[in-house]
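Asks: Before I ask anything, let me first share the structure, which is written out below as structure tokens.
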Amino acid sequence: MKMADRLSRIQPFRVMELLARAAEHEAAGHKVVHLEVGEPDFDTCEPVSAAGIAALQRGATKYTPALGIPELREAIGGYYEQRDVQVDPSRIVVTAGASGGLLLLASALLNPGEKVLVTDPGYPCNEVFAAAVGAEAQKVPVLAENRYQPTWAQLDEAWGESVRGALLASPANPTGTLVPREELERICKGIEGRGFLIMDEIYQGLVYNQAEYDTVLEIDPGAIVLQSFSKYFGMTGWRLGWVVVPDALVDGVTRLAQNLFISPPTVAQHAAVAAFSPAAMAENESRRVKFAQRHQRLLHGLESLGLEVPVCSDGAFYLYADVSSSGLDSMTFCTRLLDEFHVACTPGCDFGDHQAERMARFSFTADLSEIELALERIAQAMDVFRQG
Ligand SMILES: Cc1ncc(COP(=O)(O)O)c(C=O)c1O
């Protein structure tokens, strides 16, 4: 069978291979500590699940309007209003996860041969969404000295003739860092009139320090926001997210959403309305506090073992650590850590090329006792690896 050329440019997720190996170790009776996972270990909270069950029981199982049910779009608008940001629900498009939003945005904004600037390291699927519409993600290496976020000067320099916009994330995956507010102001001003800015805010809410802003919309009301119920709201498997688009994009995105998806998942939408209820928000907040405790424990634990974290994450549930003091490149480090010590983490090469061979992502999507166990095992591993 003749397949499309783009398939040859799509890399497998290395972490998937590691996950398969982890499953083999588990099948052989070993306890594996999972620090490679990019989703909360908590189940969806009770008020949300109850709303989903109730929706099923009353037969809410048909298609909905392509942009989502009005009550959910209004609830999302209310979420911004509580942050003193006005977003008219007509600009809110409910999607099948942020992933569905990425496909809509790539389809709406990029022609074949055009480029979007992304960060290296960054979320690897961004490249694939660009490639799916015949466009290209141009990587901008981000540096520890800039908190692994691009400066406007870097974006400006990378902005060639075929570049149509930038896709950034704050907090970012795999580094967990926010774009500092002053730099974000420069970026928004610089991009204005030149192209689009998409800000992936799917880790918004999961921030552990005092944040300088909640959303890019405070700084640039014309920015495009990508959001999700997956992370802060703990609903990965419900496949629901949203995008906020400027008025000028609503019509085009509506036509794309109608044709590509017909509608976002119905039961998930009804469940998600309850995600903004006081009970669910209280639960989300208590989970954030638990993540914050794990964040500190894992950070200090890794550093005490000589695994330097060049920039402490501000949010998400990741720490991006330099594993080169083990004497191994990060792919070998991750493979041996899993095979010999049964701790899974993600090698830097899953997120790009820049310094990837020395970096690994550690997720704190495991409870404190698991993190303690992982640290004990990593300590033993470091002794063995350093002896060569
Ligand atoms: C930065 C980033 N953007 C988008 C996504 C896609 O998330 P979802 O489709 O579950 O909303 C992820 C998933 O891990 C992510 O890390």
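The values are calculated or read from the model by the stated rules, or taken from the named source; none is laboratory data. Bear in mind that the values here come from a model prediction, so they are computed numbers and not experimental data. Counting neighbours? That spans all protein chains shown, and the Cβs are built from the backbone with ideal geometry, glycine included.
Asks: Touching an Asp or Glu at 6+ places or on another chain (Cβ under 8 Å), assigned by TED's automatic domain parsing to the domain that holds Arg294, surrounded by 23 or more Cβ atoms within 10 Å (Cβ to Cβ) and part of a helix (DSSP H, G or I) - does that describe any residue in the range 337-351?
Replies: Yes; the residues of the range 337-351 include at least one that is touching an Asp or Glu at 6+ places or on another chain (Cβ under 8 Å), assigned by TED's automatic domain parsing to the domain that holds Arg294, surrounded by 23 or more Cβ atoms within 10 Å (Cβ to Cβ) and part of a helix (DSSP H, G or I).
Asks: Can you say whether Leu117 is under 19 Å from the mean Cα position of the chain (by Cα) and under 19 Å from Tyr203 (Cα atoms), as far as the supplied structure shows?
Replies: No.
Asks: List the number of the failed condition for Glu201; all other conditions in (1) crowded, with 20+ Cβ neighbours inside 10 Å; (2) in contact (Cβ under 8 Å) with a residue 60 or more places away in the chain; (3) within 12 Å of the ligand (Cβ to nearest atom) hold.
Replies: For Glu201, the failing item is (2).
Asks: Something else about it: So which residues in the range 235-247 are surrounded by fewer than 24 Cβ atoms within 10 Å (Cβ to Cβ) and away from the ligand (no atom under 11 Å from the Cβ)?
Replies: Residues satisfying the conditions are Pro246, Asp247.
Asks: Moving on. Does Gln138 satisfy the criteria of being without any contact (Cβ under 8 Å) to a residue 24 or more places away in the chain, closer than 30 Å to Glu308 by Cβ, crowded, with 18+ Cβ neighbours inside 10 Å and away from the ligand (no atom under 16 Å from the Cβ)?
Replies: Answer is no for this residue.
Asks: As an exercise: evaluate Val128 against (1) modelled with pLDDT of 95 or more; (2) within 16 Å of the ligand (Cβ to nearest atom) and give the number of the one condition it does not meet.
Replies: Evaluating Val128 over (1) modelled with pLDDT of 95 or more; (2) within 16 Å of the ligand (Cβ to nearest atom) leaves (1) as the failure.
Asks: Looking at Ala282, Ala274, Ala257, which one is hydrophobic (A, V, I, L, M, F, W, C) and under 30 Å from Ala132 (Cα atoms)?
Replies: Ala257 is the lone residue from the list that is hydrophobic (A, V, I, L, M, F, W, C) and under 30 Å from Ala132 (Cα atoms).
Asks: Now a separate question. What do you reckon, is Asp88 touching a residue at least 40 places away in the same chain (Cβ under 8 Å) and acidic (Asp, Glu)?
Replies: no
Asks: Here's a check for you: in the range 216-230, which residue that is part of a loop (DSSP other than H, G, I, E, B) and more than 24 Å from Ala268 (Cα to Cα) is nearest to the ligand (Cβ to nearest atom)? Let's see the steps before the verdict.
Replies: Pass one, the range 216-230, residues part of a loop (DSSP other than H, G, I, E, B): 219-223, 229-230.
Subsequent filtering for residues that are more than 24 Å from Ala268 (Cα to Cα) retains 219-223.
On the way: Ile219: 19, Asp220: 19, Pro221: 22, Gly222: 21, Ala223: 16 Å.
Among those residues, the one meeting the criterion is Ala223.
Asks: Just checking, how many residues over the range 293-330 are in a loop (DSSP other than H, G, I, E, B) and charged (D, E, K, R)?
Replies: 2
Asks: Ala166 fails exactly one of the following numbered conditions: (1) surrounded by fewer than 18 Cβ atoms within 10 Å (Cβ to Cβ); (2) without any contact (Cβ under 8 Å) to a residue 60 or more places away in the chain; (3) within 16 Å of the ligand (Cβ to nearest atom). What is the number of that condition?
Replies: All conditions are met except number (1).
Asks: Could you pull out every one of the helices (runs of 4 or more DSSP H) wholly within the range 1-115 that has 2 or more residues that are at pLDDT below 95?
Replies: 14-27
Asks: Any chance the range 142-163 includes a residue that's under 19 Å from Gln11 (Cα atoms), outside any loop (DSSP other than H, G, I, E, B), away from the ligand (no atom under 16 Å from the Cβ) and touching a strand residue (DSSP E or B) at 6+ places or on another chain (Cβ under 7 Å)?
Replies: Within the range 142-163 (the criterion being under 19 Å from Gln11 (Cα atoms), outside any loop (DSSP other than H, G, I, E, B), away from the ligand (no atom under 16 Å from the Cβ) and touching a strand residue (DSSP E or B) at 6+ places or on another chain (Cβ under 7 Å)), the answer is no, since none of the residues qualifies.
Asks: Quick one: is Ile198 within 23 Å of Gly113 (Cβ to Cβ), within 19 Å of the chain's Cα centre (by Cα) and β-branched (Val, Ile, Thr)? Show your work before the answer.
Replies: Numbers: within 23 Å of Gly113 (Cβ to Cβ): yes; within 19 Å of the chain's Cα centre (by Cα): yes; β-branched (Val, Ile, Thr): yes.
Yes: the conditions hold for Ile198.
Asks: Now for a different question. Could you please find all residues in the range 186-198 being in contact (Cβ under 8 Å) with a residue 40 or more places away in the chain and buried (at least 21 other Cβ atoms within 10 Å of the Cβ)?
Replies: Residue satisfying the conditions is Ile198 alone.
Asks: Among the residues of the range 150-162, is any touching a Pro at 6+ places or on another chain (Cβ under 8 Å), surrounded by 18 or more Cβ atoms within 10 Å (Cβ to Cβ), in the same structural domain as Tyr213 (by TED's automatic domain parsing) and not polar (S, T, N, Q)?
Replies: No - not one qualifying residue is present in the range 150-162.
Asks: I need the full set of residues from the range 348-388 which are modelled with pLDDT under 95 and of a type in the set (A, V, I, L, M, F, W, C), in order please.
Replies: The one that is modelled with pLDDT under 95 and of a type in the set (A, V, I, L, M, F, W, C): Cys349.
Asks: Any residue at all in the range 274-292 that's in a loop (DSSP other than H, G, I, E, B) and touching a Leu at 6+ places or on another chain (Cβ under 9 Å)?
Replies: No.
Conditions tested, residue by residue: (1) touching a residue at least 60 places away in the same chain (Cβ under 8 Å); (2) within 16 Å of the ligand (Cβ to nearest atom); (3) in the same structural domain as Leu35 (by TED's automatic domain parsing); (4) in contact with a Ser or Thr (Cβ under 9 Å, 6 or more places away or on another chain).
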site	(1), (2), (3), (4)
Tyr232	no, yes, no, no
Leu249	yes, no, no, no
Arg255	no, no, no, no
Pro264	yes, yes, no, yes
Ala272	yes, yes, no, no
Arg287	yes, no, yes, no
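Asks: Let me confirm something: among Val93, Val32, Val37, which residue is away from the ligand (no atom under 16 Å from the Cβ), of a type in the set (Val, Ile, Thr) and in contact (Cβ under 8 Å) with a residue 40 or more places away in the chain?
Replies: Numbers: Val93 fails: away from the ligand (no atom under 16 Å from the Cβ); Val37 fails: away from the ligand (no atom under 16 Å from the Cβ).
Just a single option satisfies the conditions, and that option is Val32.
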